[in-house]
Amino acid sequence: MLQQTRVDTVVPYFERFMARFPTPLALAEAPEDQVLAAWSGLGYYRRARMLHAGARAVVERSSMPHDREGLLALPGIGRYTAGAIASIAFDEAVGLVDGNVARVFARLFALDDDMRGAGMKRAEKLAEELVPEERPGDWNQALMELGATVCTPRSPSCERCPVAASCRARREGRVDELPVVREKAKPKPQRVQALVARTKDGRVLLARRRSTGLFAGLWEPPSLDGGEAAKDELLARFALVAPARLAGRVTHVLSHRRLAVDVHAGVLARRPAGAKLPDAYETAGLFAEADLVDLGVSTLARKILASARPAPRAARRSR
Ligand code: SF4
């Protein structure tokens with residue numbers, strides 16, 4: 001959960017998740033929908049699916065691997081996580097590089113290469129060479145902590161740094177130039193059309209994404225990428241009692257895309273069984289508002305639903 005998400009955001013999710021799935025077995029046996037529902041709102045849902053797959057792999061082999069190599073074989077565990085678990089939990093002398101350690105090494109050894117490429121490789125090599133046999137977990141945590149609290153991205157506190165005497169960037173007056181990090185590509189704008197279709201008794205139509213691709217396995221109001229033509233195509237797939245109205249516009253930024261979603265609202269003339277879902281979806285259903293807590297629903301889908309929520313009856317009468 002802490003990969004990509006801040007600690008203060010994670011804490012309540014972590015506590016709820018652990019209460020619901022207290023053991024690898026409980027997590028492994030849960031249907032994916034329940035796992036995604038417990039993750040709902042945290043984003044980067046691939047992490048939830050991988051954690052679920054990891055729990056299943058641990059249950060299948062009856063134990064948690066105790067070394068980096070074994071950990072790397074589990075779904076969802078990459079080099080950094082494997083190094084952290086192996087060194088901190090199992091005392092294996094293996095290095096790790098997160099963003100903080102990368103910055104410390106880039107300055108300490110004046111690494112000029114891009115830290116999104118060759119620089120990271122050099123940092124990983126240094127991490128392996130330097131990690132001690134004794135208390136490797138403490139060593140790795142100390143390095144991460146040094147980057148988080150002293151060798152910070154802006155205005156590092158060199159005057160109280162315990163390794164200042166050996167720091168090449170400091171000696172060469174290059175602290176502000178390092179690390180070298182290539183700019184990330186800006187998220188590309190993408191227009192999207194979404195339909196919030198309700199039945200006369202207020203249930204909402206949600207469709208579940210297929211198990212691969214963006215928002216895989218999550219429930220959401222059906223949508224299609226594109227502008228006017230996509231809107232016409234989407235609305236033509238559902239039988240509505242009257243033409244849908246534009247209820248709102250929602251923006252949502254993902255790592256690679258900035259989504260601008262036109263939200264259309266309509267009332268279903270009949271059950272969705274006859275509807276032709278866009279290809280991105282595998283199934284659809286009708287849900288009452290109270291059902292949403294048990295479903296994996298992305299933050300974007302919640303924003304879309306909120307933007308098309310029908311006005312309360314009293315407010316409608318007073319208009
Ligand atoms: S001396 Fe300054 S730049 Fe060098 S490692 Fe310490 S805090 Fe970072």
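The values are calculated or read from the model by the stated rules, or taken from the named source; none is laboratory data. Quick caveat, the model's predicted, so the values are computed rather than measured. Heads up, the Cβs are rebuilt from the backbone with ideal geometry, glycines too, and the neighbour counts pull from every protein chain shown. In case anyone asks, the SASA skips ligands and DNA or RNA and just uses the protein heavy atoms, side chains included. Shrake-Rupley method; radii C 1.70, N 1.55, O 1.52, S 1.80 Å.
Normalised by the number of residues in segment 188-318, what is the relative contact order in percent for Cα pairs under 8 Å and 6+ residues apart?
Here the relative contact order equals 35 percent.
Could you work out which residue, out of Leu295, Leu254, Leu286, moves most in a Gaussian network model of the chain, that is, has the largest mean-square fluctuation with Cα springs under 10 Å?
Maximum fluctuation in the GNM of the chain, among the listed residues, is at Leu254.
Filter the GluC sites (Glu not before Pro) in segment 138-179 to those in DSSP coil with at most 16 other Cβ atoms within 10 Å of their Cβ, and list the result.
Glu172
Hey, any idea what % of segment 188-318's accessible area is carbon plus sulfur with a 1.4 Å probe?
Carbon and sulfur together cover 52 percent of it.
Read phi for every residue in segment 72-85 and hand back ³J(HN,Hα) as whole Hz from Karplus 6.51 cos²θ - 1.76 cosθ + 1.60, θ = phi - 60°, with x for Gly and Pro.
Values per residue, Gly and Pro as x: 5, 7, 7, x, x, 9, x, 4, 5, 4, 4, x, 5, 5 Hz.
Which GluC sites (Glu not before Pro) from segment 71-138 combine a DSSP loop assignment with at most 10 other Cβ atoms within 10 Å?
Glu133, Glu134
So which of Lys188/Lys303; Lys121/Lys184; Lys188/Lys276 end up more than 22 Å apart, counting from Cα to Cα?
Pairs exceeding the cut-off: Lys188/Lys276.
From the protein chains alone at 1.4 Å, what is the descending order of accessible area for His52, His252, largest first?
Accessible-area ranking of His52, His252, largest first: His252, His52.
Can you give the % of DSSP beta bridges in the chain that are antiparallel, to the nearest 5?
65
Estimate the FRET efficiency between Lys303 and Lys184 by the formula 1/(1 + (r/R0)^6), using the beta-carbon distance for r and 25 Å for R0, to the nearest 0.05. Let's see the in-between values first.
Details: r = 24 Å, r/R0 = 0.95.
Efficiency, rounded to the nearest 0.05: 0.60.
For n ≥ 4 DSSP H runs only, could you compute -39500 (n - 2.57) per run for the chain, divide by its residues and tell me the 222 nm figure to the nearest 500?
Calculated at 222 nm, the ellipticity per residue is -10500 deg cm²/dmol.
Could you work out the relative contact order of the chain, using alpha carbon pairs under 8 angstrom and six or more residues apart, expressed as a whole percent?
Relative contact order comes out at 17 percent.
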